[in-house]
Structures are given as structure tokens and as C-alpha cells.
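Take a look at the structure set out below.
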Amino acid sequence: MIDHTGFNVSDLEASKAFYLKALAPLGYGISLEFEGAAGFGAQQGTGDDPGGDFWIGAGDPQTPRLHVAFRAANEEEVNAFYRAAIEAGGKDNGAPGERPHYHPGYYAAFVLDPDGHNIEAVYHGTAA
């Protein structure tokens, strides 16, 4: 099981603003900050790492860009993530909808963050 992951972003302040807005519908916020880095995590006191499970750090973004998927509790959260991410300046990389080629019940949306990383919100439905 993965405890946390992260990647570099070219403009930490712009990316923090993007992720704060895009991940809010999924219950995420900033859990911990250091100079040059911010950790995001669930804000419900789940007993997870208090630093968060998703980190961004100031630096040259990796090439090729990365893909990170965040689990949503339902289709409505996926839709809300997509709207918030687009409003925050993300670029459409796959509107909310079923992706049955992955598995029955796979409902997801994809956006590109300010550096072009592919960010997904996914609900696995009742088939998972």
C-alpha cells in the first residue's frame, strides 16, 4: 500500500491554489507545509499520515508528466472535482463519465494541472 506520493511543480504557489480548489470536493486540503513543499490530505481526522498523502514540491516537473488518481466517494464528487479543477485553471483531459473499458462502474474525470500532470478523480461504483 502506498503511504504518500508527490512530484515537482514549476510554480508552487499557483499549484497550491489549483490543488486547494480542485481537491476540496474530495475532502482534501493542505495538511502540512515546509519551505518549498506542501502536503495535501483528507481533512476528516482519518488517522492517516498527518502530513498528507499527496505532496507537491518546488522544482523542475518530471518528464514525462505523471498521472495521479484520487478516490471519490460517489459520482457527484467526481463531477464536483472536475468543475472545481477547470475553474481553478486545469485543462480538460476527459470529462466525467463511465469508463467501462477499465471495469464496470468505473466513473472518472481527468484534468491537466498547471504543469500538465494528469490528475484524475475516480469512483469505482458498486463493481469494485
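Values as computed for the structure displayed
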item	result
Of residues in the range 103-123 being in contact with a His (Cβ under 9 Å, 6 or more places away or on another chain) and not in a strand (DSSP E or B), the one most open to solvent (accessible area, probe 1.4 Å)	HIS103
Number of positions in the range 57-89 that are outside any loop (DSSP other than H, G, I, E, B), open to solvent by 60 Å² or more (accessible area, probe 1.4 Å) and within 22 Å of GLU33 (Cα to Cα)	1
Test result for ALA37, surrounded by 13 or more Cβ atoms within 10 Å (Cβ to Cβ) and closer than 15 Å to ALA22 by Cα	no
Pair list, Cβ under 7 Å, 6 or more apart: the range 101-123 residue hydroxyl-bearing (Ser, Thr, Tyr), other residue assigned to a loop (DSSP other than H, G, I, E, B) and buried (at least 22 other Cβ atoms within 10 Å of the Cβ)	TYR123/ALA72
Flag for GLY94 being in a loop (DSSP other than H, G, I, E, B), of a type in the set (Gly, Ala, Ser) and either within 20 Å of ILE2 (Cβ to Cβ) or touching a Gly at 6+ places or on another chain (Cβ under 8 Å) (or both)	no
The range 6-29: number of residues that are of a type in the set (Val, Ile, Thr) and either at pLDDT below 95 or under 11 Å from the mean Cα position of the chain (by Cα) (or both)	0
Residue within the range 35-52 that is in a strand (DSSP E or B), modelled with pLDDT under 95 and farther than 13 Å from THR5 by Cβ present	yes
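The values are calculated or read from the model by the stated rules, or taken from the named source; none is laboratory data. Small disclaimer: the values here were computed from a predicted structure and weren't measured. Using ideal geometry, Cβ is built from the backbone for each residue, glycine included, and neighbour counts are taken over all protein chains shown. Accessible surface areas use protein heavy atoms only, side chains included; no ligands, DNA or RNA. Shrake-Rupley method; radii C 1.70, N 1.55, O 1.52, S 1.80 Å.
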